[in-house]
Amino acid sequence: MPETPVAERDRAALTIESLSVTFATDAGPVHALTNVSYEVYPGEVLAIVGESGSGKSVCSRTAMGLLPETASVRGLVTLGAEPLTAMSKKQLTALRGGAISMVFQEPGLALDPLFTVGFQICEALQAHTGLRRKAAKARAVELLRIVGLPDPEHRVDYYPHQLSGGQKQRVVIAIAIACEPKVIIADEPTTALDVTVQAEILALLRDLRDRIGSAIVLITHNMGVVADIADRVVVMRAGAVVEQAPVDELFTRPTAEYTRALLAAVPHLGTEQIGHGPAEETEVAADPVLEVRNLVVEFPGTLGHPRFRAVDGVSLRIGPGETLGVVGESGSGKSTIGRCVAALQRPTSGAVLVQGQDIAGLSQRRLRPIRRRFGFVFQDPATSLNPRLTVGECVAEPLIVHKAGSAAQIRARVRTMLDDVQLPAGAERRYPHELSGGQRQRASLARALVLSPDLLVADEPTSALDVSVQAAVLELFGQLQHECGWACLFISHDLAVVDTLADRIVVLRDGAVVEQGDRDRVLRAPQQQYTRRLVAAVPVPDPVQQRRRREQMAELSGENVVGR
């Protein structure tokens, strides 16, 4: 870390003091923050955790001056010795991206699709440093190399759509650190990333903290990430600070009941289980609900590029009432397999048998009666539910399409399903945007199960949910499966969640099966180096244990450990 003067080390880089934020709405004032206070020092990582709606992001947006006109702010936000809440828009614009910067949760929305990533980095550099175009381009390449983007000399001229999610997140971080800010606010920077990319991003943030001495405010719902990188933790609930403490103290001796409940809700993939002997393999039923044989999916190449093979000879089986977890890094073919199983993607070759009937290559007319046998739960319920329909209409739609009863019977079935997924009374009359993220995912699950399918395909159904909501959805998921007996293809990059639900696991890499077997054998005694690396990359909600796991991850990667 660069040598920082003692006076600067003792002064907080960012101070939030008695901050209250109220939003004016048609339904009356909404109090988003109430008397919130905390500070973060140079070279420190402060994690802010809490459920959705707790006010985590409102704090960061207040610090950046990004609140809408309907917001009323009381209290003080200070950057070093400069009061941000007293600044004009022009003054704040001069600071944003320079002295204080932000890494947004969704890099695909944060980056402008019309400009190359290099142009967007140069834009920040030229706005705050006065570098000329050529020097800014050279610095952009250097920044992309620092954040670990492969082949930065060429990819500096790529557009955002040409990069993967993890690569786009690295670009957003490059923009955030371009001017070596005093404070970096990272809002859910690893939410949608697979475990290995997440580990790389956390190592990068840790390295940046040590190299340029920035204070980092990390907003997250992932307690494993908190254990991995944070020095101190602030716990928020309903717009107020519930508890704040050093990370080791918070995990070992939480004082607030809410904090204890939050920690108890976290799925935990324990390293103490690694090394157990192979468990007895689970037998798949002689008549599986789903059987995939030698599945191959190829996509046509663009001009000058060959065809891309996304799935390469995959075979798997799922019996009645069984959950098969499919895991692997981004681009491993998980979602493509799920789309083939749900007949949303036509395979190049191979067979997809649902209860013995091959659906691969069937026409839409012949597929229609078969589709009622399986449901699909998508990763983002906000985009999978029709915003123009009420929740009740969204859930009823499959029943109407398949003519599954009279209008009265359909209304009764919808009410039953909404009760089964524990949505509150009256939810059927609300629109998707009027529900919370967890409630929307419950509605999505009700829609997928309303026809009583034999097979459910769940593609990252809990990745965007905070830990307490995720725990409730997973518990509901298991309860409904036990009651109804459907088979499930569960696609996820979160091995702790897969460990909670799956009976067997298939590990994919570059479209091919690397390893498969009983859940305990694959996660506790993996045979393949790639699987061991995936397991080692999963952060656990225990700072001491997580440090050991980081050392294990570094050994598997053949790299030096980046110290805390």
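Each reported figure results from applying straightforward, stated rules to the coordinates on display, with no laboratory input. It should be emphasised that the depicted structure is a prediction, and the values quoted were computed from it without experimental measurement. Here the Cβ is made from the backbone with ideal geometry for all residues, glycine too, and neighbour counts use every protein chain on show.
Quick look at the values:
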read-out	value
Percent of Cα pairs exceeding the 16 Å cut-off, where the set is the range 28-124	65 percent
Reciprocal of mean inverse Cα separation for the range 181-267 (Kirkwood radius, Å)	13.9 Å
Reach of K137 by Cα under 17 Å, taken over aspartates and glutamates that are not fewer than 8 positions away in the same chain	E123, D151, E153, D157, E180
Axial C-alpha extent at least 27 Å, average Kyte-Doolittle at least 1.0 - helices from the chain (DSSP)	none
Spin-label proximity, T25 to the range 36-54 - amide N less than 12 Å from point 7 Å beyond Cα toward beta carbon	53
Spatial separation of Cα centroids for the range 456-508 and the range 99-114, in angstrom	30 Å
Separation of the Q479 and S349 label points, Cα + 7 Å toward Cβ, nm	4.7 nm
Distance between modelled label sites at S330 and E69, nm, 7 Å Cα→Cβ extension	3.6 nm
The range 489-495 - phi-based ³J(HN,Hα) in whole Hz, Karplus 6.51/-1.76/1.60, Gly and Pro as x	9, 9, 9, 7, 9, 9, 5
Estimated 222 nm signal from helices in the chain, with DSSP H stretches of n ≥ 4 weighted -39500 (n - 2.57), rounded to 500	-11500 deg cm²/dmol
Amide proton proximity set for E243, modelled H, under 5 Å, gap of 5+	V235
Among L399, P306, P320 the positive-end extreme of the charge dipole of the range 290-408 (Cβ point charges)	L399
Taking the range 313-413 and dividing mean pair separation by its residue count, relative contact order in percent (alpha carbons under 8 Å, at least six apart)	14 percent
Computed magnitude of the charge dipole of the range 429-507 (debye, nearest 20; Cβ of K, R +1, Cβ of D, E -1)	380 debye
Extension gain, R388 back to V544 (0.36 nm per residue minus Cα-Cα distance, nm)	51.3 nm
